[in-house]
Amino acid sequence: MQIGIFTGVTDESIGPADLARAVEDRGFESLFVAEHTHIPVTVDTPYPGGGEIPRDYYRNLDPFVTLSFAAAATRRLRIGTAVALAVQRDPIILAKEVASLDLASGGRFELGVGVGWLREELRNHGTDPRTRVALQRERLVAMSTIWAQEKAEFHGEFVDFDPLYSWPKPVQQPRPPVWLGGWGPSTHERILDHADGWLAPVGIPLDELAKGVRELHALADRHGRPPVPVIATLFDPQPRDLESLARLGIHRTLLGIVPVLPHDAALHRLDRFAEVVLGSGH
């Protein structure tokens, strides 16, 4: 099982280059960062965690800028989004951002995507929350078409373009890994349809995660597919938690720094995480 770090990066946190170097220097395999383009001042959508929307959510840096600095500051660290909001981004531009970052990093980028929960944020981008799942699928399929074809063409309900040229193409083939966030049978079916792995919800109890992994693997088996890799996230990791996830066959566990921390506090937290990993035998 690979072990990485998940966090936001804001104007009040440790900077992206220092963070990435510290993550790599402590032996972690990857760094994944979150995205919100903004938080509307007036919000009726309940925050999933309860209470007020965290300050970090409306101060975070653009994830692709953050990860560009992270890639430039490291040599081996894999970098990714958890999650990028593809339903709030133009697919032609996003396809170029992903391919450019994958090329510049030497094939180290992974794209985690989710349909988003904050309806007011979605609407500010012209996205109808009611159709965001179908929209995400079309945008991901259209992006894969752009990455794979010299003359890419796509005609769907939400995404429509005539043949176009777009370079660079990603280093990783047929594309950088696409991780789909979400939960439930429809998420698993969508993973098999247009993604490569499952980014399990943060904070999900271990027994529920195990149930989801079994259901996902059973669905893949019925479709004649190999087991689908899974990413889990922990915010207060203990050695026994990592041992349990490893036994479950989790591909990667991300240790979360939430809320974000300034430079010295972030380094201290990474040191503590490294001790937990050592105590688990990884």
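The values are calculated or read from the model by the stated rules, or taken from the named source; none is laboratory data. Bear in mind the structure is a predicted one, so any value in this text is a computation, not a measurement. No Cβ is skipped: glycine too gets one built from the backbone with ideal geometry, and neighbour counts run over all protein chains shown. Remember, those area values only see protein heavy atoms, side chains included, never the ligands or the DNA or RNA. Shrake-Rupley method; radii C 1.70, N 1.55, O 1.52, S 1.80 Å.
Can you tally the net charge around Lys96? Count Lys and Arg as +1, Asp and Glu as -1, for every other residue whose Cβ sits under 12 Å from the Cβ of Lys96.
That sum, taken over residues with Cβ under 12 Å, equals -1.
Count the net charge of all other residues whose Cβ sits under 14 Å from the Cβ of Leu270, scoring Lys and Arg as +1 and Asp and Glu as -1.
Result for the local shell: -3.
Spelling out what I want: for every residue of region 126-143, take phi, set θ = phi - 60°, compute 6.51 cos²θ - 1.76 cosθ + 1.60 (Karplus), and round to whole Hz; glycine and proline get x.
x, 9, 7, x, 5, 10, 5, 5, 5, 5, 4, 4, 4, 5, 5, 5, 5, 5
Taking amide hydrogens as modeled 1.01 Å from N in the peptide plane, which residues meet the under 5 Å criterion relative to Leu254, leaving out close sequence neighbours?
Correct list: Gly4, Ala232, Thr233, Leu234.
In nm, to one decimal, how far is the His282 label point from the Val65 one, both placed 7 Å along Cα→Cβ?
3.1
Got a sec? Charge dipole of the chain, +1 on Cβ for Lys and Arg, -1 for Asp and Glu; which of His36, Ala152, Val228 is way out at the positive end?
Among His36, Ala152, Val228, the one farthest towards the positive end of the dipole of the chain is Val228.
Return one whole number: the accessible area per residue of the chain in Å², for a 1.4 Å probe.
Numbers: 12990 Å² over 282 residues.
On a per-residue basis, 46 Å².
For region 91-141, what Kirkwood radius comes out of the mean inverse Cα-Cα distance, in Å?
Averaging 1/r across every pair of different Cα atoms and inverting gives 12.3 Å.
Between region 166-181 and region 75-98, how many Å separate their Cα centres?
9
Within region 25-56, name every residue whose backbone N is under 13 Å away from a label modeled 7 Å from Cα of Arg75 along the Cβ vector.
Only 25 pass the distance filter.
In deg cm²/dmol and to the nearest 500, what is the mean residue ellipticity at 222 nm of the chain if only DSSP H runs of at least 4 residues count, each as -39500 (n - 2.57), divided by the residue total?
On the way: 9 runs with 112 residues, N = 282.
Result for the chain: -12500 deg cm²/dmol, rounded to the nearest 500.
In degrees, nearest 10, range 0 to 90: what is the angle between the Cα axis of helix 16-25 and the longest Cα principal axis of the chain?
The angle comes out at about 60 degrees.
Leaving out ligands, DNA and RNA, and with a 1.4 Å probe, what % of the accessible surface on the chain is carbon or sulfur?
52
Around Glu153, under 14 Å between beta carbons, what's the net of Lys plus Arg minus Asp minus Glu among the other residues?
Here the count lands on -3.
Want the number for Asp44 to Ser100: 0.36 nm per residue separation, take away the alpha-carbon distance, what's left?
Gain on stretching Asp44 to Ser100: 16.5 nm.
Which whole-number value in Å³ per residue fits the convex hull of the alpha carbons of region 109-186?
In region 109-186, the Cα convex hull volume per residue is 119 Å³.
Taking the Cα centre of each part, how many Å lie between region 246-279 and region 1-26?
Spelled out, the Cα-based centre of one part sits 10 Å from the other.
What is the distance, in nm, between label points placed 7 Å from the Cα along the Cα-to-Cβ direction at Ala246 and at Ala148?
Roughly 3.7 nm, to one decimal.
Using 1/(1 + (r/R0)^6) with R0 = 22 angstrom and r between the beta carbons of Val141 and Ile93, what's the FRET efficiency to the nearest 0.05?
On the way: r = 16 Å, r/R0 = 0.74.
The calculated FRET efficiency here is 0.85.
Using the Kirkwood formula on the Cα atoms of the chain, what hydrodynamic radius do you get, in angstrom to one decimal?
About 19.4 Å for the chain.
Springs between alpha-carbon pairs under 10 angstrom, Gaussian network model over the chain: which of His36, His188, His268 fluctuates most?
His268
Assuming R0 = 35 Å, what is the FRET efficiency of Leu164 and Glu12, from their Cβ-Cβ distance, to the nearest 0.05?
Working: r = 40 Å, r/R0 = 1.14.
Approximately 0.30, to the nearest 0.05.
Going 7 Å from the Cα of Glu215 toward and past its Cβ, which residues in region 178-196 have a backbone nitrogen under 11 Å from where you end up?
Within reach of a label on Glu215: 183-189.
Per-residue HN-Hα couplings for region 50-56, Karplus 6.51 cos²θ - 1.76 cosθ + 1.60 at θ = phi - 60°, whole Hz, x for Gly and Pro?
Values, residue by residue: x, x, 7, 5, x, 4, 4 Hz.
Could you check the spin-label model distance between His223 and Glu275? Points 7 Å from the Cα along Cα→Cβ, value in nm.
Label-label distance for His223 and Glu275, simple model: 4.3 nm.
Going by average Cβ density within 10 Å per residue, which order do the peptides 111-118, 258-265 take, highest to lowest? It would help to have the intermediate numbers written out before the result.
Working: 111-118: 23.0, 258-265: 14.5.
Highest-to-lowest ranking by the protection proxy: 111-118, 258-265.
Distances over 19 Å make up what percent of all Cα-Cα pairs in region 9-84?
40
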